[in-house]
Structures are given as structure tokens and as C-alpha cells.
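A.B. asks: If you scroll down you'll find the structure; I have some questions about it.
The values are calculated or read from the model by the stated rules, or taken from the named source; none is laboratory data. None of these values were measured; they are calculated from a predicted model. Glycine gets a Cβ as well: all are built from the backbone with ideal geometry, and neighbour counts include every protein chain shown.
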Amino acid sequence: MTSTVPRPSPARPALTALRNRALRLAELVTTPLLPDDYLDLVNPLRSGAALRGRVEAVHRETRDAATLVIRPGADWRPHVPGQWIRIGVDVDGVRQWRAYSLTSYLTRADGCISITVKAIPGGKVSNHLVHRTEPGTIVQLDQAAGEFVLPTPAPAKALFVTAGSGITPVMGILRNHPELTDVVLVHSAPTAEDVVFGAELRAMAATGRIRLVEQHTETAGLLDPAAICALVPDHAERATWACGPVGLLEALEEHWAAAGLTDRLFTERFRPAIVVAGEGGTVSFARSGTTLEADGATPILDAAEEAGVLMPSGCRMGICFGCVLPLREGAVRDLRNGEVTTAAPGDGVLIQTCVSAAAGACDIDH
Amino acid sequence: MTVLQKKPDNPIAHLTAEDIELIGKELDEIRQEVIDTRGEADAAYIRKVIDVHRKVELGSRAVLLASGFPPAWILGTVGLSVAKILENMEIGHNILHGQWDWMRDPKIHSTTWEWDMASPADQWKHSHNELHHTYTNVIGKDNDLGYGIMRVDEDQKWQPFHLGQPLWSFINACFFEYGIAAYDLELGAVIAKKQTGDPEFRARAKAVLRKIGRQVRKDYVIHPLLSGPNFVSTLTANVVANIVRNLWSNSVILCGHFPEGVETFEKKSIDGETRGEWYLRQMLGSANISGSKAMHVMTGNLSHQIEHHLFPDLPSNRYAEIAPKVRDLFDRYGLNYHSAPLPKQVASAWHKIFRLSLPNGWLEQTTVRNLPSQLGKLYTMATGSPKVRRRLQAEMAAA
């Protein structure tokens, strides 16, 4: 497993410097706006812009999964198969960020990338992406990240264990590593129709490129590590990558550890923990290094001030927005209407601390 | 106007404490309805306005490169004025209120936005969002009542310099953005208290000067220079556009709280104020401008000043839709929903500025016959000691 993924250095540094100088000059006329604000009107995907992408096509994979083909902005840096991207999409007018695995061929002639999304019941973003996204939509992107990638050189024998949408990073790997020839893929899905990339995987299996074990859980039930080991007798000789629900990954980790194979197993979790809104919680302020216990009825602003944190504040009644701080992770409840706002790592959701109470552990960037 | 608490016919005397809390509850419900339905269409609205502003501004500035040609000057100046008004009113003011923060778009957010205005966004947010919107129309607390240079309420003490306030007000209107910057800096008070050496003040003053420097350089140096031989005509176009924007925004703001009939409040009346009472103060302390959809957009929907003061953080494009519900609430509780067309509200505000440039009671007691003696009295008040002023004012009030 590579610990750091090599990044190509920005192309033509002299040109970039020249462009930056020109933009600084242009800012004299555009202030208080930036030249970027005007250039965005013309080409939001240009070099130098915040990284964005345009959805070029949406292909249905199964009844609840779709592949989005995205033309990334000019500053996109090629990814390593198996990596994911964070994508920011406006759902009901509100920007939401999620992470999805890249499934595209690196060799695509048009330079587009693709992600494959499975709609989760009740999932705000996944349903929007699968069912309601039109070609032409502009989305926000981050550069690819993640370490669920093959080492160099690739292992001679590999085992992939996936469930549901866990197939997506593995598909990214299989499509881009034709040199992997001794591959076993054990994949779980409710039915044969629910297997994302079902046709392509079965075609690979038919040519002998991979050995495919499909487990249709609606009829055959869930697979446990022991059953997987039985299905793949030479698993100990294989480097194993697993991606799926947390329960499956933990069971595999335990089983592999017991067999002394910990360093042969690589797992991928998109969201290590699901934020559950409760009443009150531990509030930590990363920069000032303060941690405090807040109940579910006290505004975070009050609780923090009581604990001696120097907080920005204003009207203290939710109208002036002088107290807004980024919630890096956690859940808060708006004391005016009970609405809960959650933030996953990296979201940096801005909250009004004067009318928000902790609804679980909160990590605030202040 | 006299503070509501001292009025012989207090307009809220008929309301019980329970009524006031019920009003608050109804308003909370109206607010919640908007929040529950806030979404894609609203986001599309603000993005559209921003898009239109940028295109109009860019287009107008491009046309002005040929400003030596009179029709180009006219077209460009009109366009630039409209762009600057849109940018300050419907876009800047409302974004800085946090009306669009719910979109979580870092490019359209109250903590990141900067506007085409002498006062830096963070200083304006403090004096406007925190002070004015919290202490709306409370004498001695809300400095927006006359901005420290005008007397706009009977209960504000008359000083000799108020005699010139129609003139000060007009000058302030022409250079409104600089007036606001000085006001946000609390320049008058800082100078009076000799605190100009205070490092915190100096840092803020420096930020203002930096901002003004950038603004002036853009409008009065770079853009004219880019126009080459049309330097002077592009310069005048920028001057005119800024003055038009200043006069317009000043008029809209005068209409919000200064027309005759808008209530003011005593300082001690807000001790322990409940949410319902705060709402009630906003209801009675603001005035609307009636008019077309274009009028609402060009005023940044401050034509719905009452709705804005009740819900300063709701998206401005929704005020029109909740206005009938708010008005119905006023009617049911026997309160005066203050709304009139722009010329009427502007005239009313200016009438007040002229009227209150004179001591309380002076105008009413002056006839053609006693004019000489009244003028003498005014002269004594203007030149005499504060004690003399107080005595004569008391006499006039008693008469």
C-alpha cells in the first residue's frame, strides 16, 4: 500500500506565475470582487478556478445506482485507481459534500472521470445524484484522495471482498490494472440485479480475467469471514482489499488478525462513524484547545464563554450572524425550531453558536 | 415623534402581555414556514441577481470606455448606477445579514462577502446587524436614529448644530457610503472622547482607509485610465453613479425608520424584553415602501422594512410573500402597518428632518406676528449656555 500518492507538479510554473500577476492587476478593477468572480461567468472549469466539474452524462447501473460522468476542471490531477473524491452538490439549494469512489478508466480519451453512486434509502445526496441530476450540472470537487490503492508492483495474487456500493473502488482498480490476472472477487448484493457493474464483472469472469463469487443475500444470506475463507482456500496467499459495511470490515479485520494476516488486509471506510443526534455532548474547540460538556438546552456560545473560551458573538438571539463558527464534525440543534444540523469530517458547516446547542459530540474550528 | 411610552395615546395600550406573546408565536410560525420551504428556487434567485449584477456592471464599464460619446456616457452611467444599487441593496446588505448562509456556499456567505462600499463588511455587520437590529429605535441605544448628526425624534435633545441638519443630511446623502464608514467607526464619539490613539481604533481606521483606497482607485483612477482619451468623462460617470447610488440608498434607509408615525422607545423599556416584545418593537419601529416588483428589488427588499426587521435573516425574496400575513396580524391586533409609496415616505422623512432642526414646540408657536420674538428666542437658544437652552425649551414645551 502506498502511503503517499505522488502528485504531478503544476504544469508550466512560469505561466502560472504570469497568470497570477495578471489577475492581481485585474483585481484593481474588479475589487471588492475578484477577477475569478467574473471569469466564473464565462468558464467555471478553467485553470486557476476553484476545482469544479460538469456532469456530462448519467448512466443507470441498477434500479438504485448510477454512474456520473464528470468533466473535471483544468486543474484536476489524475487520480490513482481506488481513490475517492469529495463532491459538493447543491441539494434543495444547500451545498452538501460527500465522498465517492472513482470508477473511470484513466485512459479515457475525453479526460472525463466517473463516480458510481448507489442511492441509500433516505440519503439526501445519493438520491439526488442518482435520480435527479441532469447533464450540465456544475458540481464542486476536491482532488482525489485515499489510500485504498494497489502497491507497485501490483501483487501477483489478489482477493477483493466487497458488498453493495463497496464494489466501486474495486471496479476502479480492476478497470485500470489489466496486469492483475490472478484475482478473486467475492461480492455481496441483495439480488443478481442489484450487482453494480454486474454485466461487466460477469464478462470479466467469463474471459477468465477474474474469478467472481456472487453472494445474493436476499436468498443466500450474509457472508461471514469464515465462509469467505472457505470459498477462497488460498486467501492467505493473497493480498486482500475489502470495502463494504463497517460490520463486515470489522469482522474481516478480526479474522485476518487472528490468522496473523493483518498486514495482508486493506480496508476502506467512507464514513468511520455516523453522527447520531442526542441531547447535549462534549464540545471541543480545536484551536483554543478547550473541551467542555454542554447540555442540550444551552447555546454553545454560552457554554463556551462560561468555560472561558473567547467567542465571537453579537446579538445572541440568532439574527446578526456575528457568532458563526465552522462545525468540523458533530451535531447541533437549533434551539429555535429543534432542527438538527450534522457535520461529517471536512464539512465545516457554519453554525450560529448563539442559538445552537450540542446534539452530540461537536468539534468546532475555533 | 415621542417615545411610545410617554405618548398620551399609547398605540399598544390595548394589548395584554398574553397578546404580545401570541403575536410573537404567530411570527415565529411565519418564520418557520419560510425556513421549511427555503430551497432551490431561492438559491437560484440570489445567484440570478448576482449574475445580472456582474453582467450589468461589466457591460456598463465596457460601454463607458467610450464615454466621450454622449449616448455611451448616459447608457454606461445609468447601467453602472443600477449595478451599484443592486450590489449594495439586494446583494450586499442581504448577504451580510446572513440571509443566504443556509446555502453553505462559501462564495455567497456573510462571513466571506465584501461589498462595493466604503465601510468594510465586518465593521458594518457590527454596527448594523448587532446594534441597529437589536436596539431598533431605542433612544440612546440605536445610533441609526439620526446617525449622530441628525435629530429625528422629539426626545433627542436639541442642540444648536441641529439648525443645519437639513444641509448636513443632504451632504450625508450625497456621500452616504463615507458617512456610513465614519459612523461604523464611531468616528464622532472617538474624536469627542479623544481616543483616536487607541490601537484598536487605529487598526479599524486603517482597514477603512485601505478599503476606501481600493474603491477610489478603481472608480476614479483605473477605470478612467483604461478609457484613454475619455478619462474625464469616465471619471464623471463614476462620480455620478456613486452619488446616484448614495442618494438612492440614503432615501431607502430614511424611509425605513424616519417617516412620521414610526414609533421610538425608551431605553429602560427594553429591560427584560421578551421575544414577543422585541417583535412588537420591530413592528412599530419600521415603515414599508409600497410599489412594484422592480422597486422591491432595487431597494434590496427594504421596501419590506417591517418584514425585514422582524426576520432579518430570512431571504429577501420571500418578504413579499409573507407581507400579507404580517399585515393581517397587524390588523387583527389593531396595530398600524406603516406603508406608503416612496415619494410620500421620503417627503415625510425629510419633513421630520426640517421640523426637528428646530426646538420642540418652536414651529407650532410661531406666527407671522410673533416671528421676530420667536427668532430672538431661537437666537438665544442657539448661542446661550446649555442652561439657558434648557430653560427656554422647558418654557416652550409648557406653552
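A.B. asks: Residues of the stretch A:352-366 being more than 14 Å from chain B (Cβ to nearest Cβ) and surrounded by fewer than 22 Cβ atoms within 10 Å (Cβ to Cβ), which ones?
C.D. replies: Hits for the stretch A:352-366 are A:G360, A:A361, A:D363.
A.B. asks: Based on this model, can you work out whether B:T77 counts as surrounded by fewer than 14 Cβ atoms within 10 Å (Cβ to Cβ) and in the same structural domain as B:P224 (by TED's automatic domain parsing)? Working first, answer last.
C.D. replies: Values: surrounded by fewer than 14 Cβ atoms within 10 Å (Cβ to Cβ): no; in the same structural domain as B:P224 (by TED's automatic domain parsing): yes.
No.
A.B. asks: From the list A:D182, A:D194, exactly one residue is under 19 Å from A:T103 (Cα atoms) and acidic (D, E). Which is it? Quick ask: steps written out before the conclusion?
C.D. replies: Values: A:D182 fails: under 19 Å from A:T103 (Cα atoms).
Being under 19 Å from A:T103 (Cα atoms) and acidic (D, E) holds for just one of A:D182, A:D194, which is A:D194.
Each row is one residue, and each column tells you yes or no for (1) farther than 20 Å from A:E134 by Cα; (2) modelled with pLDDT under 90; (3) more than 14 Å from chain B (Cβ to nearest Cβ).
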position: A:P6; (1), (2), (3): yes, yes, yes
position: A:A17; (1), (2), (3): yes, yes, yes
position: A:L33; (1), (2), (3): yes, no, no
position: A:L45; (1), (2), (3): no, no, yes
position: A:R54; (1), (2), (3): no, no, yes
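A.B. asks: Can you tell me which residue is farthest from the other protein chains (Cβ to nearest Cβ) among those in the stretch A:56-98 that are under 17 Å from A:R132 (Cα atoms) and polar (S, T, N, Q)?
C.D. replies: Of the residues in the stretch A:56-98, the ones under 17 Å from A:R132 (Cα atoms) are A:56-70, A:87-98.
Still in the running and polar (S, T, N, Q): A:62, A:67, A:96.
Values: A:T62: 27, A:T67: 24, A:Q96: 8 Å.
Restricting to residues being under 17 Å from A:R132 (Cα atoms) and polar (S, T, N, Q), the top hit is A:T62.
A.B. asks: Related question: In the stretch B:55-63, is there at least one residue being more than 30 Å from B:P315 (Cβ to Cβ), within 14 Å of chain A (Cβ to nearest Cβ) and modelled with pLDDT of 95 or more? If you could, list the steps in order and put the result at the bottom.
C.D. replies: Residues of the stretch B:55-63 that are more than 30 Å from B:P315 (Cβ to Cβ), as a first pass: B:62-63.
With within 14 Å of chain A (Cβ to nearest Cβ) added as a condition, the list becomes B:62.
Subset that is modelled with pLDDT of 95 or more: B:62.
Within the stretch B:55-63, one or more residues are more than 30 Å from B:P315 (Cβ to Cβ), within 14 Å of chain A (Cβ to nearest Cβ) and modelled with pLDDT of 95 or more.
A.B. asks: A follow-up question, please. Filtering the stretch B:215-227 down to residues that are without any contact (Cβ under 8 Å) to a residue 12 or more places away in the chain and over 24 Å from the mean Cα position of the chain (by Cα), which residue is surrounded by the most Cβ atoms within 10 Å (Cβ to Cβ)?
C.D. replies: B:K218
A.B. asks: While we're on this one: Give the residue, chosen from B:L131, B:L145, that is assigned by TED's automatic domain parsing to the domain that holds B:K268 and either assigned to a loop (DSSP other than H, G, I, E, B) or modelled with pLDDT of 95 or more (or both). Before you say what the answer is, go through the steps one by one.
C.D. replies: Numbers: B:L131 fails: either assigned to a loop (DSSP other than H, G, I, E, B) or modelled with pLDDT of 95 or more (or both).
After ruling out the rest, the residue left standing is B:L145.
A.B. asks: Checking B:R245 against (1) surrounded by 14 or more Cβ atoms within 10 Å (Cβ to Cβ); (2) within 14 Å of chain A (Cβ to nearest Cβ): exactly one of these is not met. Which one?
C.D. replies: Of (1) surrounded by 14 or more Cβ atoms within 10 Å (Cβ to Cβ); (2) within 14 Å of chain A (Cβ to nearest Cβ), only one is false for B:R245: (2).
A.B. asks: Read through the list (1) within 14 Å of chain A (Cβ to nearest Cβ); (2) under 24 Å from B:H128 (Cα atoms), then give the number of the only condition that B:I222 fails.
C.D. replies: (2)
A.B. asks: For the stretch B:48-68, what are the residues that are in contact (Cβ under 8 Å) with a residue 40 or more places away in the chain and either hydrophobic (A, V, I, L, M, F, W, C) or touching an Asp or Glu at 6+ places or on another chain (Cβ under 9 Å) (or both)?
C.D. replies: B:V49, B:I50, B:L64, B:L65, B:A66
A.B. asks: Could you please let me know if B:T77 is assigned to a loop (DSSP other than H, G, I, E, B) and of a type in the set (S, T, N, Q)? Before you say what the answer is, go through the steps one by one.
C.D. replies: Working: assigned to a loop (DSSP other than H, G, I, E, B): no; of a type in the set (S, T, N, Q): yes.
No, not satisfied.
A.B. asks: Which ranges mark the helices (runs of 4 or more DSSP H) fully within the stretch B:356-399 that have 2 or more residues being within 31 Å of the chain's Cα centre (by Cα) and hydrophobic (A, V, I, L, M, F, W, C)?
C.D. replies: Because the criterion is at least 2 residues that are within 31 Å of the chain's Cα centre (by Cα) and hydrophobic (A, V, I, L, M, F, W, C), the helices (runs of 4 or more DSSP H) in the stretch B:356-399 that meet it are B:362-365, B:371-383.
A.B. asks: Right, here's the next one. Somewhere in the stretch A:119-134, is a residue under 27 Å from A:T217 (Cα atoms) and touching a Ser or Thr at 6+ places or on another chain (Cβ under 8 Å)?
C.D. replies: The answer is yes, given that some residue of the stretch A:119-134 is under 27 Å from A:T217 (Cα atoms) and touching a Ser or Thr at 6+ places or on another chain (Cβ under 8 Å).
A.B. asks: Residues of the stretch A:312-338 being within 8 Å of another protein chain (Cβ to nearest Cβ) and in contact with a helix residue (DSSP H, G or I) (Cβ under 9 Å, 6 or more places away or on another chain), which ones?
C.D. replies: A:G314, A:C315, A:M317, A:I319, A:C320, A:F321, A:G322, A:V324, A:R336, A:N337 - these are the residues of the stretch A:312-338 that are within 8 Å of another protein chain (Cβ to nearest Cβ) and in contact with a helix residue (DSSP H, G or I) (Cβ under 9 Å, 6 or more places away or on another chain).
A.B. asks: Which is more than 9 Å from chain A (Cβ to nearest Cβ) and over 23 Å from the mean Cα position of the chain (by Cα), of B:I95, B:I91, B:I74, B:I35?
C.D. replies: Values: B:I95 fails: over 23 Å from the mean Cα position of the chain (by Cα); B:I91 fails: over 23 Å from the mean Cα position of the chain (by Cα); B:I35 fails: more than 9 Å from chain A (Cβ to nearest Cβ).
None of the others qualify; the one that does is B:I74.
A.B. asks: Would you be able to say whether some residue in the stretch B:203-212 is charged (D, E, K, R), more than 24 Å from the chain's Cα centre (by Cα), away from chain A (no Cβ under 13 Å) and part of a loop (DSSP other than H, G, I, E, B)?
C.D. replies: No, there is no match, as no residue in the stretch B:203-212 is charged (D, E, K, R), more than 24 Å from the chain's Cα centre (by Cα), away from chain A (no Cβ under 13 Å) and part of a loop (DSSP other than H, G, I, E, B).
Residues are listed down the side, and each one gets a yes or a no for (1) among the aliphatic types (A, V, I, L, M); (2) over 18 Å from B:G179 (Cβ atoms); (3) touching a Leu at 6+ places or on another chain (Cβ under 9 Å):
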residue	(1), (2), (3)
B:V208	yes, no, yes
B:V216	yes, no, no
B:N230	no, yes, yes
B:I243	yes, no, no
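A.B. asks: Could you list, in sequence order, the residues of the stretch A:339-351 that are out of contact with any helix residue (DSSP H, G or I) (no Cβ under 8 Å at 6 or more places or on another chain), outside any loop (DSSP other than H, G, I, E, B) and at the interface with chain B (Cβ under 9 Å from one of its Cβ atoms)?
C.D. replies: A:V349
A.B. asks: Something else now. Restricting to the stretch B:97-122, and then to whatever is modelled with pLDDT under 95 and among the polar types (S, T, N, Q), can you tell me which residue is surrounded by the fewest Cβ atoms within 10 Å (Cβ to Cβ)?
C.D. replies: The extreme case among them is B:T112.
A.B. asks: Mind checking whether some residue in the stretch B:21-31 is without any contact (Cβ under 8 Å) to a residue 12 or more places away in the chain, within 11 Å of chain A (Cβ to nearest Cβ) and surrounded by fewer than 14 Cβ atoms within 10 Å (Cβ to Cβ)?
C.D. replies: yes
A.B. asks: Let me ask something additional. Checking B:S373 against (1) buried (at least 16 other Cβ atoms within 10 Å of the Cβ); (2) without any contact (Cβ under 8 Å) to a residue 12 or more places away in the chain, only one condition comes out false. Which one?
C.D. replies: Result: B:S373 passes all but (1).
A.B. asks: Residue check, A:A236 against (1) closer than 30 Å to A:W76 by Cα; (2) in contact (Cβ under 8 Å) with a residue 24 or more places away in the chain; (3) surrounded by fewer than 17 Cβ atoms within 10 Å (Cβ to Cβ), all met but one. Which one?
C.D. replies: Condition (1) is where A:A236 drops out.
A.B. asks: Right, here's the next one. Can you confirm whether B:F161 is touching a residue at least 60 places away in the same chain (Cβ under 8 Å), assigned by TED's automatic domain parsing to the domain that holds B:M89 and out of contact with any strand residue (DSSP E or B) (no Cβ under 8 Å at 6 or more places or on another chain)?
C.D. replies: Taking the combined requirement at face value, the residue does not satisfy it.
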